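Undergrad: Encoded as structure tokens, here's the structure I'll be asking about.
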Amino acid sequence: QVQLVESGGGLVQAGGSLRLSCAASGSTFSSETIGWFRQAPGKEREFVARIGWNSITYYPDSVKGRFTVSRDNAKNTVYLQMNSLKPEDTAVYSCALYSTGIYYRWTSYNYWGQGTQVTVSA
């Protein structure tokens with residue numbers, strides 16, 4: 001059974017930074033692709049970042065240059081460093097294990113963490 005546990009969320013002022021962690025267990029982590037998504041109230045789940053087993057990364061334009069995803073296979077953990085945060089980044093952030101399909105669609109992921117709240121004040 002795969003388990004993903006996010007941590008590191010919180011309240012931060014606009015322009016500030018946070019680092020989220022996604023700890024995985026129950027899978028061959030080093031060979032997995034992990035995605036980060038976020039969902040704000042009343043909005044659809046949105047792709048934030050993806051890191052492949054080979055550490056190749058992808059970001060949408062909305063976070064490119066501000067967010068960086070990385071991984072530490074020795075710790076079975078993926079990180080999301082978020083800089084220059086904006087109020088519109090406020091959402092619940094979740095990590096997920098990629099299964100198949102288009103990487104920026106949440107339906108391509110089959111295991112999810114419980115999410116961590118990120119709130120950015122103006």
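Undergrad: For Arg19 and Ala40, what is the calculated FRET efficiency with R₀ set at 22 Å and r taken between the beta-carbons, to the nearest 0.05?
TA: After rounding, the FRET efficiency stands at 0.65.
Undergrad: Separation of the range 81-122 and the range 1-50 by C-alpha centroid, Å?
TA: The distance from the Cα centre of the range 81-122 to that of the range 1-50 comes to 5 Å.
Undergrad: Which of the GluC sites (Glu not before Pro) found in the range 1-61 are in a DSSP loop and have at most 10 neighbouring Cβ atoms, other than their own, within 10 Å?
TA: Sparse-neighbourhood loop GluC sites (Glu not before Pro): Glu44.
Undergrad: Let me ask you something else. Any lysines with Cα under 21 Å of the Lys86 Cα? List them, leaving off those in the same chain fewer than 8 positions away.
TA: By straight Cα distance, Lys86 reaches Lys43, Lys64.
Undergrad: To the nearest 20 debye, what charge dipole does the chain have about its Cα centre, counting +1 at the Cβ of each Lys and Arg and -1 at the Cβ of each Asp and Glu?
TA: It works out to roughly 100 debye.
Undergrad: Another one. Can you give the alpha-carbon Rg of the range 17-66 over 2.2 N^0.38 Å, where N counts its residues?
TA: The reported ratio for this selection is 1.28.
Undergrad: Can you check what the net charge comes to around Met82, using other residues whose Cβ is under 11 Å from the Cβ of Met82 (Lys, Arg +1; Asp, Glu -1)?
TA: +3
Undergrad: Okay, moving on. Could you look at the range 1-84 and say what percent of its accessible area is carbon and sulfur, using a 1.4 Å probe and all protein chains?
TA: On the range 1-84, the fraction of accessible area on carbon and sulfur atoms equals 46 percent.
Undergrad: Mean-square fluctuation check for the chain, GNM, Cα pairs under 10 Å: which of Pro87, Pro41, Pro60 is largest?
TA: Pro41
Undergrad: For an R0 of 35 angstrom, estimate the FRET efficiency from the Cβ-Cβ distance between Asp61 and Thr28 and round to the nearest 0.05.
TA: After rounding, the FRET efficiency stands at 0.65.
Undergrad: In percent, how large is the relative contact order of the range 27-72, given Cα pairs closer than 8 Å and 6 or more residues apart?
TA: 29 percent
Undergrad: Under a GNM of the chain (C-alpha, springs under 10 Å), which listed residue has the highest mean-square fluctuation: Ala40, Ala49, Ala23?
TA: Of Ala40, Ala49, Ala23, the Gaussian network model singles out Ala40 as fluctuating most.
Undergrad: Using a cut-off of under 14 Å, list every residue of the range 45-74 whose amide N is near the label point 7 Å from the Cα of Gln81 along the Cα-to-beta-carbon line.
TA: 65-72
The values are calculated or read from the model by the stated rules, or taken from the named source; none is laboratory data. Quantities reported herein were computed from a predicted structural model and do not represent experimental measurements. Every residue, glycine among them, receives a Cβ derived from its backbone with ideal geometry; neighbour counts consider all protein chains shown. Side chains are part of the model used for accessible areas, which takes the heavy atoms of the whole protein and leaves out ligands, DNA and RNA. Shrake-Rupley method; radii C 1.70, N 1.55, O 1.52, S 1.80 Å.
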